[in-house]
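See below for the structure under consideration.
None of the figures in this text is laboratory data; all of them are computed from the coordinates on show. Every value quoted in this text rests on a predicted model; they were computed, and no experiment measured them. Cβ placement follows ideal geometry from the backbone for every residue including glycine, while neighbour counts extend to all protein chains displayed.
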Ligand code: PXP
C-alpha cells in the first residue's frame, strides 16, 4: 500500500493571504520524511491553491513520485507533458465546487474523447495514468477501454456515509476494486479519507495506493506534518490485520 499525500491544502492556507507561506514545496519535504511514498497536487484551472511555480519546484525537489491531478481538457495538460511527472490523475473539474465532488462522467462521449486524447499524449511520454472514477462497473469498463493504467476510486460517498449506510458503500468499493484488478487496472482510492475511516478501505486487498490530503494536513496543525504522515502510514500498514471482515472496524478513541 502506497500513501500519496495531497498537499493542496497547504497551498490553500497560503492563497488566503496571497503570500509565500506556508510553502507546499517545503511541506512535501516533511511529508516525505514522514514516509509518504508520493506527493499529490491538483493544479486547477482557476489556480485556487497550487500554482504553476509549486509544480515546477516540486518536480525538481521531490524525492518520491509526483502525482499531478488535472482536468483532461485544460491547458494544464501542456504543463504535464512538459514536466512529465511520475503519474497524472485525470479528474473532473467544476469552477463552483469546493473540492472535487465525484468521479469522471464517462457516459458523456465528449468527456471520453477528451480523456482518450489526454491519455494518448501522456502515454506517448510514458507517464503513468489514472482516472478518478466512481466505484461503478460501467466506469471501470470505460476506463479499461480508454487505456488508463489505473483508476482512483472516489471514496467520498463512503466517507460521507453514516451508520447502516457505511457497509454498502464499503462493499461497493471492495467490489469495484476487485473488478478493476480483474480488468487489469491498478486500483487507487481517495477523497474524504481520515484517520477514523481509512482502515477498512486500506484493508481492501486490491487497493494499492491511497491519496489523502485534508485529514493529514488538519492533524498536522496540531502534531506537525511529518508526524501526521507517519501516523497515517502506520495505520495503513496495520490495516489488514485490524479488519477481519469489512465493516467490523470501530476506531479506538484517539484516532
Ligand atoms: N483524490 C482526488 C482525485 C482528489 O481530487 C482529492 C482532493 O483534492 C483527494 C484524492 C484527496 O482528498 P482529501 O483531501 O479529502 O483527502
Please arrange 94, 144 by counting, for each residue, the other beta carbons lying within 10 Å of its beta carbon, fewest first.
94, 144
Suppose each label sits 7 Å from its Cα in the direction of the beta carbon; what would the residue 194-residue 18 distance come out to in nanometres?
3.3 nm
Testing the spin-label approximation: label points 7 Å from Cα along Cα→Cβ at residue 137 and residue 29. State their distance in nm.
5.1 nm
Take 105, 234 and order them by how many other Cβ atoms sit within 10 Å, fewest up front.
234, 105
For the chain, set up a Gaussian network in which alpha carbons nearer than 10 Å are linked by springs, and say which option among 87, 96, 15 fluctuates the most.
96
What is the gain in length, in nm to one decimal, between residue 178 and residue 86 on full extension, counting 0.36 nm per residue of separation less the C-alpha to C-alpha distance?
30.6 nm
Label points 7 Å out from Cα along the Cβ direction at residue 164 and residue 214: separation in nm?
2.7 nm
In region 1-129 the DSSP beta bridges are antiparallel at a rate, in percent to nearest 5, of 0 percent
Specify whether the C-alpha gyration tensor of the chain places it in the rounded, prolate or oblate class, a ≥ b ≥ c being the square roots of the eigenvalues: rounded for a/c under 1.5, otherwise prolate if a/b is larger than b/c and oblate if not.
oblate
Which one of 194, 61, 99 has the biggest mean-square fluctuation once the chain is modelled by GNM with Cα springs under 10 Å?
99
Can you give the FRET efficiency for residue 145 and residue 1, using 1/(1 + (r/R0)^6), R0 = 25 Å, r = Cβ-Cβ distance, to the nearest 0.05?
0.35
